[in-house]
Each structure stands twice: as C-alpha cells, then as structure tokens.
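The values are calculated or read from the model by the stated rules, or taken from the named source; none is laboratory data. Being a predicted model, the structure only gives us computed values, none of them experimental. Note that each Cβ is placed from the backbone with ideal geometry, even for glycine, and that neighbours are counted across all protein chains shown.
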Amino acid sequence: MKNTSHPSAPRRPSAQGFTLIEVLIALAIFSIGILAVFSLQIRSINQNAAARIQGEATSLGALTMERLIARPYLHDDLDETGNPHRQTVGPYRVEWNVRAPVPGDADYNSYRYITVKMVSITVSSANPNSRPISISFIKGAGN
C-alpha cells in the first residue's frame, strides 16, 4: 500500500466536536434572532388589537349615526342644548354634538334657506392602542 500523505504537511488534529466558545457564540447569535422574532410578534399583536378596536369603534359610530338619522328632527338626541350628548357602550365612549349653521360658518350660505342640524360623532376607547374616530353628517328637518 502506498502512503499518500506528504511528510512535510502539518497534521490536523481530529475534529471530535465543537469547542465551548463555538457553542456560546452560536447560542448568542440564535438568542438575538429569537428576541427579534418575539419583538415582531408582540408588535403584531398590538397592531391587530388596535385594528380590531378601530373597526369596532367605526361600526359603533356608523350605528349611532344611523340611529340619529332615523330620529325625528326635534328628538332629544338631536337637541342642541344637550351638547355634548354622551353614551357608553362597553369599553367605548360615544359623544356627539348637534348644531345649526349660523352666520359666519363656512356652510351657512349653503343651508340658510333650509332647516338643518350638523351632527359630529366621536367614538373613543380607553385602550392606549386606539385612536378616536369621527363621523359627521347633516340632518334635515324633512327627514
């Protein structure tokens, strides 16, 4: 049998496993990656909660608007002297203000010959991940 090793080449020690330093470095890199994934997961959960709250608040605002549109023009919920009107629905606070256009308003010239009320609805939540939503509409005396 022929010996193929070259006598002047340095001998390599046999690799039988990883050193402690190599394991610690790999563990540190893995830990940083896992922490980044956990951070993204927490942020995703918060964003999903905020989107759910925003959607529920928007639905509640639209429901309140439809309810006020269906009320008679002289109903107590559309009385300007009761401003701000407030209602609590679960964790949400619904508030609306009613006003008639007056001289000097930007909309006054458009509505001075008809009887209307301008209604602004704001829905807010105590959750720090949420933002209040606002909806406005005009209620006419004929509807």
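What the table below lists for this structure:
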{"item": "Any hit, region 11-28, residues being of a type in the set (Val, Ile, Thr), modelled with pLDDT of 90 or more and touching a strand residue (DSSP E or B) at 6+ places or on another chain (Cβ under 7 Å)", "result": "no"}
{"item": "Positions within region 28-48 being under 27 Å from the mean Cα position of the chain (by Cα) and not aliphatic (A, V, I, L, M), in sequence order", "result": "Phe38, Ser39, Gln41, Arg43, Ser44, Asn46, Gln47, Asn48"}
{"item": "Flag for Gln41 being outside any helix (DSSP H, G or I) and modelled with pLDDT of 90 or more", "result": "no"}
{"item": "Residue pairs meeting the criteria (Cβ under 8 Å; at least 6 apart or on separate chains; first over 13 Å from Gly61 (Cα atoms), in region 80-92; second of a type in the set (A, V, I, L, M, F, W, C) and modelled with pLDDT of 90 or more)", "result": "Glu80/Val98; Gly82/Val98; Asn83/Val98; Pro84/Trp96; His85/Trp96; His85/Val98"}
{"item": "Identity of the residue in region 112-132, at pLDDT below 95 and among the hydrophobic types (A, V, I, L, M, F, W, C), that ends up nearest to Gln47 (Cα to Cα)", "result": "Ala126"}
